[in-house]
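A.B. asks: Have a look at this one.
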Amino acid sequence: MLKNLTTTRVGGPAQHLVTATSEAELAHAVGAADDAGNDVLLIGGGSNLVICDEGYPGVGVQIATRGLHLDEQPNGKVLLRAAAGENWDVTVEYSLTEGLSGLEALSGIPGCTGATPVQNVGAYGADVSQTLAWIRAYDRHNGQVIKLQNADLEFAYRDSLIKRTSTNGSPRYVVLEVAFLLERSKDSAPIRYAELARRLGVEAGERADAHQVRQTVLELRRSKGMVYDRQDADSHSTGSFFTNPIVPREILENLPDNAPNYPVAQEGFVKLSAAWLIDQAGFSKGYGLEGTEGFALAQGRASLSTKHTLAITNRGEATAQDILAIARAVRAGVAERFGIELVNEPLLIGLTL
């Protein structure tokens, strides 16, 4: 069952399932499926997938490649190369063990390293586009392995060229290896997130001990149920189910004065807090559990996390439809209250929100 390969723990079987432990196996599995006209679902850490209860009528390819390597650079920096199937947090921890900084604020994010550039994974003021040098990928259009530089990937907020060239969750480019250009330093990258800066006792823009940044980020994420733990039902989710909406600045005129908003590169637009919108629309932590307004939707099998309103969690026996029932209620409530439509962050396989 594919649910056993995801952090939300929902989803039926794949028609075929292949585990690729090398780049050659990965390219061959995808290429063979394409040649046979079969649909392909790439599965890494399973932290960004909600798969329908009926399963997947194609080939599921589990990416299980491994390998971490350091290449010293002439400019005093170090290139960290990671196989796509490497666990992301293992990659972050390895970088710090080797005396490198730049990835520490991204500690604790579940999933595999090859998935991080797909939607420009980020947290606490950092994202992978800030340190990523290049990726090597299998191009399914011509069957060739190519290298794409940072600029080629056209990164944006939770977006990239890889994500934009995907069809039903199946991308044109299959990431094989990711390379990050990092500093050899005990100090972190500049701290850009106010909450993290306060916890560290520094001003925004200052640096801190990189190991301390990692531990502080892990503590923050655990307090919100955002570090996967089999024993913690609040972590049995895809993490943030909705992205923070980027809206025209004039939308702020229709929101309370205390609505959190953040500048973005796009002129005339701001980024809002999806968690704040959800909470202010009446969906509190634990929504969907017995005793809360949404209990009838999924009979407590699924709910908003009791630690964070952005996560929709499997409380033990949830189905994919239970997860979506909570998501639909939240999205509809925010649209009714604020006129803003939330967009799902995870891939919905065989499902429509």
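A.B. asks: Using DSSP, restrict attention to beta bridges with both residues in the chain and report what percent are antiparallel, rounded to the nearest 5. Show your work: numbers first, answer last.
C.D. replies: Values: 43 of 56 bridges.
If I count the DSSP bridges inside the chain, around 75 percent turn out antiparallel.
A.B. asks: How long is the gain from R230 to Q215 if the chain were fully straight, where each residue apart is worth 0.36 nm and the alpha carbon distance is subtracted?
C.D. replies: Contour length minus the Cα-Cα distance gives 3.4 nm.
A.B. asks: For a quick size check, give me the Cα extents of region 153-309 along its three principal axes, largest first, whole Å.
C.D. replies: Extents along the principal axes, in whole Å: 53, 41, 35.
A.B. asks: Next up: Tell me the Kirkwood radius of region 189-236: reciprocal of the mean inverse pair distance over distinct alpha-carbon atoms, in Å.
C.D. replies: Numbers: mean 1/r = 0.0874 Å⁻¹.
After inverting the mean inverse Cα-Cα distance, the result is 11.4 Å.
A.B. asks: Something else now. Looking at the calculated P(r) for region 14-127, what percent of the C-alpha pair distances fall above 19 Å? The partial results should precede the final answer.
C.D. replies: Values: 3390 of 6441 pairs.
Counting every Cα pair in region 14-127, those more than 19 Å apart make up 53 percent.
A.B. asks: Here's something else I'd like to know. Please give me the summed charge of the neighbours of A311: other residues whose Cβ is under 9 Å from its Cβ, Lys and Arg +1, Asp and Glu -1. Working shown, then result.
C.D. replies: Working: positive: K224, K307; negative: D234.
So the surrounding residues net to +1.
A.B. asks: Additional query: Just order 268-275, 255-262 by mean Cβ neighbour count inside 10 Å, highest at the front, would you?
C.D. replies: On the way: 268-275: 17.5, 255-262: 12.0.
Per-residue mean Cβ counts within 10 Å order the peptides as 268-275, 255-262.
A.B. asks: Still on this structure, please answer the following. Once amide H atoms are built 1.01 Å from N in the peptide plane, which residues 5 or more positions from R192, or in another chain, come under 5 Å H to H?
C.D. replies: Hits under the 5 Å cutoff: G205.
A.B. asks: A further question on this structure: Tell me, what are the semi-axes, in whole angstrom and largest first, of the equivalent ellipsoid of region 195-276 as set by the roots of 5 times the Cα gyration tensor eigenvalues? The partial results should precede the final answer.
C.D. replies: On the way: eigenvalues 156, 81, 22 Å².
Three semi-axes, in Å: 28, 20, 11.
A.B. asks: Let me ask you something else. For the chain, what does the helix formula give at 222 nm: sum of -39500 (n - 2.57) over DSSP H segments with n ≥ 4, over the residue count, nearest 500 deg cm²/dmol? Intermediate results must be reported in sequence, preceding the final value.
C.D. replies: Values: 8 runs with 78 residues, N = 353.
After summing the helix terms and dividing by residue count, I get -6500 deg cm²/dmol.
A.B. asks: What are the ³J(HN,Hα) values, in whole Hz, obtained from phi via the Karplus relation 6.51 cos²θ - 1.76 cosθ + 1.60 with θ = phi - 60°, for each residue of region 54-67 in sequence order, with x given for Gly and Pro?
C.D. replies: 6, x, 10, x, x, 9, x, 10, 7, 8, 10, 6, 9, x
A.B. asks: Also: Using the heavy atoms of the protein chains and a 1.4 angstrom probe, tell me the accessible area per residue for region 237-288 in square angstrom.
C.D. replies: I get 51 Å² per residue for this part.
A.B. asks: Take the alpha-carbon centre of region 131-166, take the same for region 17-48, and report the distance between them in whole Å.
C.D. replies: About 17 Å separates the Cα centre of region 131-166 from the one of region 17-48.
A.B. asks: Ignoring ligands, DNA and RNA, please state the percent of accessible area on region 34-112 from carbon and sulfur, probe 1.4 Å.
C.D. replies: Working: 1260 of 2860 Å².
Taking all protein chains in place, region 34-112 shows 44 percent carbon and sulfur surface.
A.B. asks: Now, a different point. Can you give me the P(r) profile for region 254-311? Cα pairs, bins 5 angstrom wide beginning at 0, each as a whole percent.
C.D. replies: 4, 19, 22, 17, 13, 10, 9, 5, 2
A.B. asks: Hey, rough spin-label estimate for M1 and R249, points 7 angstrom out along Cα→Cβ, what's it come to in nanometres?
C.D. replies: Placing both labels 7 Å beyond Cα along the Cβ direction yields 5.1 nm.
A.B. asks: Separate question: Relative to the compact-globule scaling 2.2 N^0.38 Å, provide the ratio for the alpha-carbon radius of gyration of region 107-188. Before the final figure, lay out each step's value.
C.D. replies: Details: Rg = 13.0 Å, N = 82, 2.2 N^0.38 = 11.7 Å.
Taking N as the residue count of region 107-188, the ratio is 1.11.
A.B. asks: Before I look further, what does region 42-93 give for accessible area per residue, probe 1.4 Å, in whole square angstrom? Walk me through the numbers before you get to the answer.
C.D. replies: On the way: 1960 Å² over 52 residues.
That works out to 38 Å² per residue.
A.B. asks: In percent, what relative contact order does the chain have, based on Cα pairs under 8 Å that are 6 or more apart in sequence? Intermediate values should be presented prior to the final figure.
C.D. replies: Details: 784 pairs, mean separation 56.1, N = 353.
Computed value for the chain: 16 percent relative contact order.
A.B. asks: Rank by packing, highest mean first: peptides 163-171, 186-194, with packing defined as the count of other Cβ atoms within 10 Å averaged across residues. Intermediate results must be reported in sequence, preceding the final value.
C.D. replies: Values: 163-171: 15.9, 186-194: 18.1.
Highest to lowest by the protection proxy: 186-194, 163-171.
A.B. asks: Output the relative contact order of region 76-115, whole-number percent, from Cα pairs under 8 angstrom with separation of 6+ residues.
C.D. replies: Value for region 76-115: 53 percent.
A.B. asks: Could you sort the peptides 19-32, 323-336 by per-residue average Cβ neighbour count (10 Å cutoff), highest mean leading?
C.D. replies: Values: 19-32: 17.7, 323-336: 19.9.
Ranking, from highest mean packing down: 323-336, 19-32.
A.B. asks: Please list, ordered by chain and number, the residues whose modelled amide H lies under 5 Å from the amide H of T313; skip anything fewer than 5 residues away on the same chain.
C.D. replies: Residues meeting the amide H criterion: S303, L304, S305.
A.B. asks: Something else: Per residue, how big is the convex hull of the chain when only Cα atoms are used? Give it in Å³. Each step should come with its number before you reach the end.
C.D. replies: Numbers: hull volume 48.6 nm³, N = 353.
So the per-residue hull volume is 138 Å³.
A.B. asks: Which residue fluctuates most in the GNM of the chain (Cα springs below 10 Å): P263, P57, P117?
C.D. replies: Result for the chain, Cα springs under 10 Å: P263 fluctuates most.
A.B. asks: Next up: Within the set K77/K147; K77/K186; K224/K271; K163/K307, which residue pairs have Cα atoms separated by over 23 Å?
C.D. replies: Working: K77/K147 20 Å; K77/K186 13 Å; K224/K271 21 Å; K163/K307 29 Å.
In this structure, K163/K307 lie more than 23 Å apart at Cα.
A.B. asks: Right, here's the next one. How far, in nm, would the chain grow between T19 and D159 when pulled straight, counting 0.36 nm per residue and subtracting the alpha carbon separation? Walk me through the numbers on the way to the answer.
C.D. replies: Details: separation 140, 0.36 × 140 = 50.40 nm, distance 2.66 nm.
Full extension of this stretch gives 47.7 nm more.
A.B. asks: Principal axes first, then extents: for the Cα atoms of region 60-129, list largest minus smallest coordinate on each axis, whole Å, largest first.
C.D. replies: 41, 27, 19
A.B. asks: If r is the Cβ-Cβ distance from A32 to R328 and R0 is 51 Å, what FRET efficiency results, to the nearest 0.05?
C.D. replies: After rounding, the FRET efficiency stands at 0.85.
A.B. asks: Which of V40, V90, V264 ends up with the largest GNM mean-square fluctuation for the chain, with Cα atoms connected below 10 Å?
C.D. replies: Taking springs between Cα atoms under 10 Å, the residue moving most is V264.
A.B. asks: Okay, moving on. Specify the residue with the greatest mean-square fluctuation among V50, V343, V174, computed from a Gaussian network of the chain linking alpha-carbon atoms under 10 Å apart.
C.D. replies: V343
A.B. asks: Additional query: Stick to the Cα atoms of region 235-347, pair each with every other, and give me the Kirkwood hydrodynamic radius in Å at one decimal.
C.D. replies: 14.3 Å
The values are calculated or read from the model by the stated rules, or taken from the named source; none is laboratory data. This one's a predicted model, so the numbers in the text were calculated from it and none came from an experiment. Neighbour counts run over all protein chains shown; Cβ positions are idealised from the backbone, glycine included. Areas reflect the complete protein model, heavy atoms only, side chains present, ligands, DNA and RNA absent. Shrake-Rupley method; radii C 1.70, N 1.55, O 1.52, S 1.80 Å.
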